[in-house]
Amino acid sequence: MQRINCGKAGPELYKTILELENLSMQKVQQAGLKIGFSHLLKLRASQINRCAFCVHMHTQDAMKAGESMERVALISACQESGYFSEKERTALILIEEITLIAQQHFPDSAYQKVTKTLSNAEVAAIEWIAIVINTWNRIAISSQYAVNP
């Protein structure tokens, strides 16, 4: 079934989300997070949301930014993998907690672990990544953006 592409139906709103994306990436750079890793964070949220379009895009973007195939492949099992530092695993916990916020409401115990490991600037940057990618996932899923081989 053909769906309305909300980006085309509301280009001014779509442009605003693009601006928000750009601002969030400025926060990522200010916090000293690597661009490749930011794509892994977006990839993980997109996997949870089952957004094929965004999974495809951020897999490619992460690898173009220098992430290895092993890290891309193991992102969903990062807590059990030696390919990620403690800081990276904590950042991935944060992205997962925010992505799943409707189900578990981000418990204080998880937030305390996050703030013990990450700086305030890193937490804020990752929170913005989560907010923006979850918005993009909803746009792509509801509009049924296609992934073609």
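The values are calculated or read from the model by the stated rules, or taken from the named source; none is laboratory data. This is a predicted model, so every value here is computed, not measured. Heads up, the Cβs are rebuilt from the backbone with ideal geometry, glycines too, and the neighbour counts pull from every protein chain shown. Each accessible area value is taken on the protein alone, full model and side chains, heavy atoms only, with ligands, DNA and RNA left out. Shrake-Rupley method; radii C 1.70, N 1.55, O 1.52, S 1.80 Å.
Remind me, relative contact order of segment 34-106 in percent, using alpha carbon pairs under 8 angstrom and six or more residues apart?
The normalised contact order for segment 34-106 reaches 32 percent.
Calculate what fraction, in whole %, of the accessible area of the chain sits on carbon and sulfur atoms when a 1.4 Å probe is rolled over the protein chains.
Values: 4760 of 8610 Å².
For the chain, the apolar C and S fraction of the accessible surface comes to 55 percent.
Using a probe radius of 1.4 Å on heavy atoms only, what accessible surface per residue do you get for the chain? Whole Å² is fine. The partial results should precede the final answer.
Working: 8610 Å² over 149 residues.
Accessible area per residue, the chain: 58 Å².
About its Cα centre, what dipole magnitude does the chain give when the only charges are +1 on Lys and Arg Cβ and -1 on Asp and Glu Cβ, stated in debye to the nearest 20? Each step should come with its number before you reach the end.
On the way: 15 positive and 14 negative charges, 58 e Å.
Charge dipole of the chain: 280 debye, to the nearest 20.
Name the long-range amide H neighbours of Asn5: under 5 Å, sequence gap of 5 or more, or other chain; modelled H, no Pro or chain starts.
Under 5 Å from the amide H of Asn5: no residue qualifies.
On the first, second and third principal axes, largest extent first, how far apart are the outermost C-alpha atoms of segment 14-85 in Å?
Projected onto its principal axes, the Cα set of segment 14-85 covers 37, 28, 20 Å.
Please report the base-10 log of the normalised intensity I(q)/I(0) for the chain, using a Debye sum with one equal scatterer per alpha carbon and no solvent, at each q in 0.10, 0.14 (1/Å).
-0.34, -0.67
Which order do Glu97, Glu12 take when ranked by solvent-accessible area (1.4 Å probe, heavy atoms of all protein chains), largest first? Could you put the intermediate results ahead of the total?
Working: Glu97 30, Glu12 115 Å².
Final ranking, largest accessible area leading: Glu12, Glu97.
Enumerate the calculated ³J(HN,Hα) couplings along segment 27-36 in order (Karplus 6.51 cos²θ - 1.76 cosθ + 1.60, θ = phi - 60°), each rounded to whole Hz, writing x wherever the residue is Gly or Pro.
Karplus values, whole Hz, x for Gly and Pro: 5, 4, 5, 4, 7, x, 7, 6, 4, x.
May I ask you to derive the FRET efficiency for Asn120 and Leu20 from their Cβ-Cβ distance with R0 = 30 Å, giving the value to the nearest 0.05? The partial results should precede the final answer.
On the way: r = 20 Å, r/R0 = 0.67.
Between Asn120 and Leu20 the formula returns 0.90.
HN-Hα J couplings of segment 104-109 from phi, Karplus 6.51/-1.76/1.60, θ = phi - 60°, integer Hz, Gly and Pro as x?
So the Karplus estimates, Gly and Pro as x, are 10, 6, 6, x, 4, 4 Hz.
Please state the relative contact order of the chain as a whole percent: Cα pairs under 8 Å, 6+ residues apart? Before the final figure, lay out each step's value.
Numbers: 161 pairs, mean separation 50.6, N = 149.
Dividing the mean separation by the residue count of the chain yields 34 percent.
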